Amino acid sequence: MHQKADHRVPVLIVGGSLVGLSMSVFLGRLGVRHMLVERHSGTSIHPRGRGNNVRTMELFRVAGVEPDIKAAASLLADNHGILQTPTLVGDAGEWLFRNIDPGGGLARFSPTAWCLCSQNDLEPVLLDSARELGGDLRYFHQMESFEQDADGVTATVFDRSTEERFTVRADYLVAADGPRSPVRRALGIGQSGPGDLFANVSVTFRSRALADVVGDRRFICCYLTHPDADGALLPVDNKENWVFHAPWHPERGETLDDFTEERLRDHIRRAVGVDELDVKITGMASWRAAERVADLYSSGRVFLAGDSAHEMSPTGAFGSNTGIQDAHNLAWKLSAVLSGWAGPGLLESYGAERRPVAAATSARASARSVEHSHPGFAPAPGVGGAKRGGILNVVLGYRYPAGAVLGADPYAEVVPDALALDGRPGSRAPHLWLRRGGLRLSTLDLYERSMVLLTDAPDDAGWYAAARRVAAEDGVALDAYRVGPGPDADLTYETEGSDWATAHGTTADGAVLVRPDGFVAWRATSAAADPDTVLREALTSLLTPA
């Protein structure tokens, strides 16, 4: 049944913040037509959500926007670490960590790195890219209602500038509409978790003298622990523009009206430790930290992503990164189903994969808030008690024990105690530097538009030829590469001694199948008598699950 509507698109995105815009970019890269509606008139004007972790930057690298993001982030390129101190006067205090990648060890695992780019700088980059890729992005538009049936979703959208309404018919709807998600509520999807953790008032202000007080301490964030004026200070340009997060206690009866400009100026001065500091308040926004995960990530043809699916403590910047990675996981699956090379059952793996990641990551975020004594956070018993460990195992090492993977350990921890990128099914594929002709590329650069099979060169086991036949005969989006040092290789090693098979936990006679999101879907550790059948069966199980 195809209902009449004013507009017809394969995907309708509700929400145009970081996650919605990322979804638009990822779908645009895959050639999926879509419409995005956002009730606000433009992108974020408040500097927040600045920590883009290495996994997110890998996704933006493949999507072609990494250079523009780094350019937008240039003012904070030399800021590292988190400082905790009673005030900024003198040398008291300690670095909770001085550098997020001491010694440069991250280069062994990834072709990119963390990037400190505030949401108000990042969103315009994503917006420009999404529009260049053909996305139909409509700001100052609000979805008022939607109905779904077996064939799609019909939504009513209100144009806030013209006060006119129109209908949109889509195959699928993606709700990236925030923590109070009207879509999630309309679907009747509940949430689990400790709930509200703490609240802050975020203040933007100008101060020319503060740069001299800060000196050469180029921090990402500074937790100021003055007993009468704690808070978190964040630089915007290291010169005169700053952000301060002041604790807000609505549970004690405090209202936002209590946060006058005079109170905020005095609070910032006491926190910094300079009574006469020049402080000009330029903006204010309230926010609440919470730990909640939606009980379901989809209902029928409607999917939740980002804050509509999970809320996390801001410590570690896990929330926005997890949401962007939600969007990437869902985008390739929607593309595969809409293009016909995967069955609709593949979409069920979205929640099976991403919900456990959100649950584990949100617990780690709360644990870091406890560890860092985040201003305003006095955890209830049992909150923030998760294992802490390193950050790389959280941002790069998370795994999918279940979903569109074959051979994964169903009992494996979603976030392991230690980072192990060794080619196991369900883990992010290893990074190796390769050469294709004169082009230098990472293995991770190969994964975006199709399934990818890596095998040896020469392909004595027959995996390469089998992949080419299966792709041609079955219409599956599947690329194959022979990796090795010899003249028959499609991809050669940049560094002598590299070995794709060892890095991926297989042998020269084996093969590895990697998904468009860079996660290992399946691997064979030896040759097969009938590689066509083995590969075809693996792809069928992955892409058209029962």
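The values are calculated or read from the model by the stated rules, or taken from the named source; none is laboratory data. This structure is a prediction, so every number in the text was calculated from the model and none was measured. Glycine also receives a Cβ, built like all others from the backbone with ideal geometry; neighbour counts cover every protein chain displayed. Note: accessible area is taken over every heavy atom of the protein model, side chains too, but ligands, DNA and RNA are not part of it. Shrake-Rupley method; radii C 1.70, N 1.55, O 1.52, S 1.80 Å.
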Consider P425 carefully, then state whether it is modelled with pLDDT of 95 or more, in a loop (DSSP other than H, G, I, E, B), under 20 Å from the mean Cα position of the chain (by Cα) and over 30 Å from P247 (Cβ atoms). no
Evaluate the following for L106: is it modelled with pLDDT under 95 and closer than 24 Å to N200 by Cα? no
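Check whether at least one residue in region 46-54 is closer than 30 Å to L277 by Cβ, assigned to a loop (DSSP other than H, G, I, E, B) and open to solvent by 60 Å² or more (accessible area, probe 1.4 Å), and report yes or no. Working first, answer last.
Of all residues in region 46-54, those closer than 30 Å to L277 by Cβ come to 46-51.
After this cut, where a residue has to be assigned to a loop (DSSP other than H, G, I, E, B) as well, the list is 46-50.
Of the ones still in play, those that are also open to solvent by 60 Å² or more (accessible area, probe 1.4 Å) are 48.
Yes, because at least one residue in region 46-54 is closer than 30 Å to L277 by Cβ, assigned to a loop (DSSP other than H, G, I, E, B) and open to solvent by 60 Å² or more (accessible area, probe 1.4 Å).
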Looking only at region 1-18, and only at residues there that are in contact with a Gly (Cβ under 8 Å, 6 or more places away or on another chain) and outside any loop (DSSP other than H, G, I, E, B), the one that is surrounded by the most Cβ atoms within 10 Å (Cβ to Cβ): I13
Consider region 83-140. How many of its residues are open to solvent by 50 Å² or more (accessible area, probe 1.4 Å), closer than 30 Å to F166 by Cα and of a type in the set (F, W, Y)? 1
Kindly list the number of the only condition in (1) surrounded by fewer than 23 Cβ atoms within 10 Å (Cβ to Cβ); (2) within 29 Å of F97 (Cβ to Cβ); (3) not β-branched (V, I, T) that fails for R263. (2)
Quick check: anything in region 463-479 among the aromatic types (F, W, Y), under 27 Å from Y400 (Cβ atoms) and touching a helix residue (DSSP H, G or I) at 6+ places or on another chain (Cβ under 6 Å)? yes
From the residues in region 409-419 that are surrounded by fewer than 16 Cβ atoms within 10 Å (Cβ to Cβ) and out of contact with any Lys or Arg (no Cβ under 9 Å at 6 or more places or on another chain), which one is nearest to R55 (Cα to Cα)? A418
Which of (1) out of contact with any helix residue (DSSP H, G or I) (no Cβ under 7 Å at 6 or more places or on another chain); (2) open to solvent by 10 Å² or more (accessible area, probe 1.4 Å); (3) modelled with pLDDT under 95; (4) not hydrophobic (A, V, I, L, M, F, W, C) does D212 not meet, given it meets every other one? (3)
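Hey, could you check region 134-170 for residues that are among the hydroxyl-bearing types (S, T, Y) and not in a loop (DSSP other than H, G, I, E, B) and say which is farthest from E38 (Cα to Cα)? Step through it out loud before you land on a result.
Applying the first criterion (among the hydroxyl-bearing types (S, T, Y)) to region 134-170 yields 139, 145, 154, 156, 161-162, 167.
With the extra rule that they be not in a loop (DSSP other than H, G, I, E, B), the set shrinks to 139, 145, 154, 156, 167.
Details: Y139: 5, S145: 14, T154: 17, T156: 13, T167: 15 Å.
Within region 134-170, the match that is farthest from E38 (Cα to Cα) is T154.
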Could you list, in sequence order, all residues of region 115-133 that are within 17 Å of the chain's Cα centre (by Cα) and part of a loop (DSSP other than H, G, I, E, B)? C117, S118
Given the criterion open to solvent by 20 Å² or more (accessible area, probe 1.4 Å) and of a type in the set (A, V, I, L, M), identify the matching residue among L21, L75. L75
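Please find, among D326, D275, D307, the residue that is of a type in the set (D, E), touching a helix residue (DSSP H, G or I) at 6+ places or on another chain (Cβ under 8 Å) and within 15 Å of Y398 (Cβ to Cβ). Let's see the steps before the verdict.
Values: D275 fails: within 15 Å of Y398 (Cβ to Cβ); D307 fails: within 15 Å of Y398 (Cβ to Cβ).
Going through D326, D275, D307 in turn, the sole match is D326.
Which count do you get for residues in region 58-76 that are within 17 Å of the chain's Cα centre (by Cα) and assigned to a helix (DSSP H, G or I)? Talk me through it step by step, then tell me what you get.
First, the residues of region 58-76 that are within 17 Å of the chain's Cα centre (by Cα): 58-66, 69-70.
Add one more test, that the residue is assigned to a helix (DSSP H, G or I), and what stays is 58-62, 66, 69-70.
Adding up the residues that qualify gives 8.
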Just the residues that are crowded, with 24+ Cβ neighbours inside 10 Å and in a loop (DSSP other than H, G, I, E, B), please, taken from region 320-349. A342
Going through A317, A271, A352, A294 one at a time, which residue ends up being under 22 Å from the mean Cα position of the chain (by Cα), more than 19 Å from V153 (Cα to Cα) and open to solvent by less than 10 Å² (accessible area, probe 1.4 Å)? A294
Looking at S286, S313, S308, which one is closer than 14 Å to F198 by Cβ and touching a Lys or Arg at 6+ places or on another chain (Cβ under 8 Å)? S313
All but one of (1) assigned to a loop (DSSP other than H, G, I, E, B); (2) of a type outside the set (K, R); (3) on the phi < 0 side of the Ramachandran plot; (4) over 17 Å from the mean Cα position of the chain (by Cα) hold for T112; which doesn't? (4)
Which number in (1) without any contact (Cβ under 8 Å) to a residue 60 or more places away in the chain; (2) assigned to a strand (DSSP E or B) marks the one condition that L36 misses? (1)
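If you take the residues of region 60-72 that are of a type outside the set (V, I, T) and open to solvent by 10 Å² or more (accessible area, probe 1.4 Å), which of them is farthest from A232 (Cα to Cα)? Break it down into steps so the answer makes sense when it comes.
Kept after step one, since they are of a type outside the set (V, I, T), are these residues of region 60-72: 60-61, 63-64, 66-68, 70-72.
With open to solvent by 10 Å² or more (accessible area, probe 1.4 Å) added as a condition, the list becomes 61, 64, 66-68, 70-72.
On the way: R61: 30, G64: 33, E66: 28, P67: 29, D68: 28, K70: 24, A71: 26, A72: 23 Å.
Here the answer is G64.
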With (1) touching an Asp or Glu at 6+ places or on another chain (Cβ under 8 Å); (2) open to solvent by 10 Å² or more (accessible area, probe 1.4 Å); (3) of a type outside the set (D, E, K, R) as the list, and S299 as the residue in question, which single condition is left unmet? (1)
Just to be sure, is T167 in contact (Cβ under 8 Å) with a residue 24 or more places away in the chain, of a type in the set (S, T, Y) and in contact with a helix residue (DSSP H, G or I) (Cβ under 7 Å, 6 or more places away or on another chain)? no
Given V168, V183, which one is among the β-branched types (V, I, T), in contact with an Asp or Glu (Cβ under 6 Å, 6 or more places away or on another chain) and crowded, with 18+ Cβ neighbours inside 10 Å? V183
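If you take the residues of region 427-441 that are under 20 Å from N393 (Cα atoms) and small (G, A, S), which of them is surrounded by the fewest Cβ atoms within 10 Å (Cβ to Cβ)? Reasoning before the result, please.
Keep residues of region 427-441 that are under 20 Å from N393 (Cα atoms), which gives 427-432.
Applying the additional criterion that residues be small (G, A, S) yields 427, 429.
Numbers: S427: 24, A429: 27.
The residue in question is S427.
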